[in-house]
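Novice: Here it is, the structure in full.
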Protein chains: 2
Amino acid sequence: MKIVVQKYGGTSVGSIEKIKRVADKIIQKKNEGYQVVVIVSAMGKSTDELIDLAKAITDNPEPREMDMLLTTGEQVSISLLSMALISKGYPAISYTGPQLNIQTTSLHQKAKIKDIDVTKVLKAFDDDKIVVVAGFQGVSENHEYTTLGRGGSDTSAVALAAKLDARCEIYTDVEGIYTMDPRKLKGARKIDKISYEEMMEMASLGAGVMHYRAVELANKYKIPLYVASTFSEENGTMIEFKGEDGMEETLVTGMATSLDDIQITVINLTATTGNLSRLFGQLAEEEVNVDMISHMITLDGKMYVSFTIPKEDLAIAERIFKEWQIELPDIRWEINRNIAKISVVGLGMRTHSGVAAKVFKIMDDHNIEIKMVTTSEIKISWVVEDHLEEKVVTLMGKAFGLVMEE
Amino acid sequence: MKIVVQKYGGTSVGSIEKIKRVADKIIQKKNEGYQVVVIVSAMGKSTDELIDLAKAITDNPEPREMDMLLTTGEQVSISLLSMALISKGYPAISYTGPQLNIQTTSLHQKAKIKDIDVTKVLKAFDDDKIVVVAGFQGVSENHEYTTLGRGGSDTSAVALAAKLDARCEIYTDVEGIYTMDPRKLKGARKIDKISYEEMMEMASLGAGVMHYRAVELANKYKIPLYVASTFSEENGTMIEFKGEDGMEETLVTGMATSLDDIQITVINLTATTGNLSRLFGQLAEEEVNVDMISHMITLDGKMYVSFTIPKEDLAIAERIFKEWQIELPDIRWEINRNIAKISVVGLGMRTHSGVAAKVFKIMDDHNIEIKMVTTSEIKISWVVEDHLEEKVVTLMGKAFGLVMEE
């Protein structure tokens, strides 16, 4: 039995007309001999409208009641899409997350999927029905309706595909994964094939379509993930296991940039691991998300610790330092608000050590100061002055072949 | 433990502002020492909007998917109302019909309540929470979401009150039950107290606020039903068991009229019970709802059978007669499209036989022809020419004290 799980996002089902077109697309797959499970999000802006209703009632809606409210959005989509399929002569049946027993943890608005009972899905396959499932939602142990938070619907789709050992297709309003956001890099190339690891790095940089969480789950169960445009016949991007086939491998698969961080440098701390641990421990306690870190020890036994955090967390960080200063009057800190973080990602870096060197050489050739660098196994991130972002992106796009050939 | 079940209709929760005011009203009851269960309908016109969405997809939406769609309406209301209560400092918890295990038959769009599991409600009472329940919906044996059809939310409320042995309050946009629709009878009186039987007769005449089904259920379990306006402090109407206390009893409690029927008289049928049975059997098979019936046998063994049916069923009736005519060429039928049906209802008729006589005398005094009469234990209905409706209503209103004293 060939099974496919297709997921359609909110814009794909944003109107009655679009729902009908999505139904046609599903039917096409069904006619290719697949058993089809469809995951849908809430129609267009309907989730935002529900949130607005809640906000008109209270600034702090109870999370449980918020889930009760928001789960209606997908329930509307699944019923309408099923009606559309049935009216076109294709038996279909819709299920909410709770109805399908998509079991989750009990943390409202941020629940995690624990298991899915696919009995009803398999029963529907026996009846040759298309199964339409509400994404983003599930049910906790004590029968409470829950929602999965950001990236929820994609995660629902991947989880169902994992349980059904199926291929998973994510349909959205872009044509796939690009080497970089085409609004940032003119001529950015669509990637035909990308590995789970690369996609996870890209996703955690906030780049490209898929949420980290869904890719991580796909990687865990080795579910082939296909990302493509709902209303286009163009080929999309395949996210899957990529062998180390060396020769054909590109060094750098994708690039992302961010202007959302600031760089903080703490000066005159005594160079002890205890101080380092205390610094980042306190930031973590306050849920400040530290990204890049570098530190240097001077000859007189002091540390320079430099790191980046989201701009909106600056106030928290400054409060922490001021508390420290009472105890350690020597410490100082410098804040650089005008930075751009550039990251390049590629599985090829595992086996080819030259990527960092190439980056440094290009920066040097163009007199661009690198303010900070961090590397992981398949990623290099560095910080430059923010006004240089576009220039660096163009240089890197050309150097690593991230743009279409002319 | 004092328990009350309150039901608020769609117009009562038609906007965020109204939801907040309903929350205040509930809190007032809570502060009087009641444990409160609230049943709510979908906000304002939202059910109609959902139906419009479905109709834009297909003319014949699958009933199961229609229920999947429509149940979202109440789910939105319960979450918002719960948020409003919580934000005002009163712990509340919302439940959908399926979540509360409101068990129904499996006929989609017209399901009937079989039982309700009140475990969760009692648990919430232990935690001193207000329980907010989605009306109009339940769940069938095979875990399918169902809706209850017309009068559904009132029925949900009465059923819950029955299980909790509670008082039931129906809040709506009118101030109670009137002797007659005030748009039809100027000065119609609000009734303080009406019996279940009278209310059932009134409801089955399409008169007054409550659906027959909910009143019937209240009668079955002897649940006191209070009907009043949501946003007014005026006293409403109590529907309850009324003892035969004779002296204070009014002869006629209420009146209703209808212009929606036509009168058909079938002539020249051979007077046999077989023919009568065949006539009404065939109409019933075609789901033609026959209301009043009278028949007369002539000296030569022929029958005159006269009856009323809804105007929209005329075509079906004529088709049936035409089929008969092939077999029985003598039969004829006359159709009177211009009739008004007047009905008066009152428990007092059980013990006072003079009501029909009084009706006939007044009609005679004013030269109004009675074209047909039927009576039940507590109701008299008669047919007059439609242009006389207003005149008859005024005469009866005065004769039976249905208007406010001046």
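The values are calculated or read from the model by the stated rules, or taken from the named source; none is laboratory data. It should be emphasised that the depicted structure is a prediction, and the values quoted were computed from it without experimental measurement. Positions of Cβ are backbone-derived with ideal geometry, glycine not excepted, and every protein chain shown enters the neighbour counts.
Novice: Only one of these conditions is not met by B:Gly14: (1) away from every other protein chain (no Cβ under 12 Å); (2) touching a strand residue (DSSP E or B) at 6+ places or on another chain (Cβ under 8 Å). Which number is it?
Specialist: (2)
Novice: What number goes with the only condition from (1) in contact with a His (Cβ under 8 Å, 6 or more places away or on another chain); (2) modelled with pLDDT under 90 that B:Ser306 does not pass?
Specialist: (2)
Novice: Out of A:Lys398, A:Lys361, which single residue is within 21 Å of A:Glu198 (Cβ to Cβ), surrounded by fewer than 16 Cβ atoms within 10 Å (Cβ to Cβ) and not β-branched (Val, Ile, Thr)? Reasoning before the result, please.
Specialist: Values: A:Lys361 fails: within 21 Å of A:Glu198 (Cβ to Cβ).
Selected residue: A:Lys398, the only one of A:Lys398, A:Lys361 that is within 21 Å of A:Glu198 (Cβ to Cβ), surrounded by fewer than 16 Cβ atoms within 10 Å (Cβ to Cβ) and not β-branched (Val, Ile, Thr).
Novice: Oh, and also: Can you name the residue in segment A:33-53 that is within 14 Å of chain B (Cβ to nearest Cβ) and β-branched (Val, Ile, Thr) and is also farthest from A:Ser77 (Cα to Cα) among such residues?
Specialist: A:Ile51
Novice: Kindly evaluate A:Glu49 against the criterion of being under 24 Å from B:Thr96 (Cα atoms) and surrounded by 19 or more Cβ atoms within 10 Å (Cβ to Cβ).
Specialist: On the way: under 24 Å from B:Thr96 (Cα atoms): yes; surrounded by 19 or more Cβ atoms within 10 Å (Cβ to Cβ): no.
Answer is no for this residue.
Novice: Considering each of A:Tyr34, A:Tyr8 in turn, give the residue that is more than 25 Å from the chain's Cα centre (by Cα) and under 29 Å from A:Gly176 (Cα atoms). Outline the logic, then answer.
Specialist: Details: A:Tyr8 fails: more than 25 Å from the chain's Cα centre (by Cα).
Sole residue among the options that is more than 25 Å from the chain's Cα centre (by Cα) and under 29 Å from A:Gly176 (Cα atoms): A:Tyr34.
Novice: Then there is this: Does A:Ala111 satisfy being of a type outside the set (Val, Ile, Thr) and under 15 Å from A:Val4 (Cβ atoms)?
Specialist: Details: of a type outside the set (Val, Ile, Thr): yes; under 15 Å from A:Val4 (Cβ atoms): no.
No: the conditions fail for A:Ala111.
Novice: Now for a separate question. Of everything in segment A:60-90, what is touching a Leu at 6+ places or on another chain (Cβ under 8 Å) and not in a helix (DSSP H, G or I)? Give them in sequence order.
Specialist: Within segment A:60-90, A:Pro61 is the sole residue that qualifies.
Novice: Hey, among the residues in segment B:118-149 that are farther than 24 Å from B:Val13 by Cα and at pLDDT below 95, which one's farthest from the other protein chains (Cβ to nearest Cβ)?
Specialist: Filtering segment B:118-149 for residues that are farther than 24 Å from B:Val13 by Cα and at pLDDT below 95, the one farthest from the other protein chains (Cβ to nearest Cβ) comes out as B:Glu141.
Novice: Take residues that are among the aromatic types (Phe, Trp, Tyr) and tell me which of the strands (runs of 3 or more DSSP E) falling wholly in segment B:310-376 contain 3 or more.
Specialist: Result: empty, no element qualifies.
Novice: Scan segment B:262-280 for residues that are surrounded by 11 or more Cβ atoms within 10 Å (Cβ to Cβ) and of a type in the set (Gly, Ala, Ser) and jot them down. Don't jump to the end; show me each part of the working.
Specialist: First, pick out the residues of segment B:262-280 that are surrounded by 11 or more Cβ atoms within 10 Å (Cβ to Cβ): B:262-272, B:275-276, B:278-280.
Selection gives B:Ala271 alone.
Novice: Select from segment A:240-285 the residues that are at pLDDT 85 or above, of a type in the set (A, V, I, L, M) and more than 30 Å from A:Lys222 (Cβ to Cβ) and list them in ascending order.
Specialist: A:Leu259, A:Ile262, A:Ile264, A:Val266, A:Ile267, A:Leu269, A:Leu276, A:Leu279, A:Leu283, A:Ala284
Novice: Can you give me the number of residues within segment B:55-71 that are crowded, with 22+ Cβ neighbours inside 10 Å, facing chain A (nearest Cβ under 7 Å) and either in contact (Cβ under 8 Å) with a residue 40 or more places away in the chain or of a type in the set (A, V, I, L, M, F, W, C) (or both)?
Specialist: 3
Novice: Can you tell me which residues in segment B:23-34 are in contact (Cβ under 8 Å) with a residue 40 or more places away in the chain, out of contact with any helix residue (DSSP H, G or I) (no Cβ under 6 Å at 6 or more places or on another chain) and either within 24 Å of B:Glu49 (Cα to Cα) or not charged (D, E, K, R) (or both)? So that I can check it myself, show each step before the final result.
Specialist: Of all residues in segment B:23-34, those in contact (Cβ under 8 Å) with a residue 40 or more places away in the chain come to B:23-27, B:30.
Next, from what is left, pick out any that are out of contact with any helix residue (DSSP H, G or I) (no Cβ under 6 Å at 6 or more places or on another chain): B:24-27, B:30.
Result: B:Ile26, B:Ile27.
Conditions tested, residue by residue: (1) closer than 18 Å to B:Ile339 by Cα; (2) in contact with a Pro (Cβ under 8 Å, 6 or more places away or on another chain); (3) assigned to a loop (DSSP other than H, G, I, E, B).
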| site | (1), (2), (3) |
| --- | --- |
| B:Ile267 | no, no, no |
| B:Gly274 | no, no, no |
| B:Leu279 | no, no, no |
| B:Gln282 | no, no, no |
| B:Val290 | yes, no, yes |
| B:Phe307 | yes, no, no |
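Novice: Output the residues belonging to segment B:1-59 that are out of contact with any Phe, Trp or Tyr (no Cβ under 8 Å at 6 or more places or on another chain) and assigned to a strand (DSSP E or B).
Specialist: Answer for segment B:1-59, where residues must be out of contact with any Phe, Trp or Tyr (no Cβ under 8 Å at 6 or more places or on another chain) and assigned to a strand (DSSP E or B): B:Val5, B:Val36, B:Val37.
Novice: Could I ask something else about it? Taking segment B:281-305 on its own, how many of its residues are surrounded by 15 or more Cβ atoms within 10 Å (Cβ to Cβ) and over 31 Å from the mean Cα position of the chain (by Cα)? Steps first, please.
Specialist: Within segment B:281-305, the first condition is being surrounded by 15 or more Cβ atoms within 10 Å (Cβ to Cβ), and the residues that meet it are B:282-283, B:288, B:290-292, B:294-295, B:302-305.
Filter once more, keeping what is over 31 Å from the mean Cα position of the chain (by Cα): B:302-304.
Of the residues in that region, 3 qualify.
Novice: Here are some conditions: (1) more than 7 Å from chain A (Cβ to nearest Cβ); (2) in contact with an Asp or Glu (Cβ under 8 Å, 6 or more places away or on another chain). B:Gln28 meets all but one. Which one does it not meet?
Specialist: Looking at each condition in turn, B:Gln28 falls short on (2).
Novice: Would you check which residues across segment A:79-100 are under 22 Å from A:Ile113 (Cα atoms) and within 7 Å of another protein chain (Cβ to nearest Cβ) and list them?
Specialist: Selection gives A:Ser94, A:Gln99.
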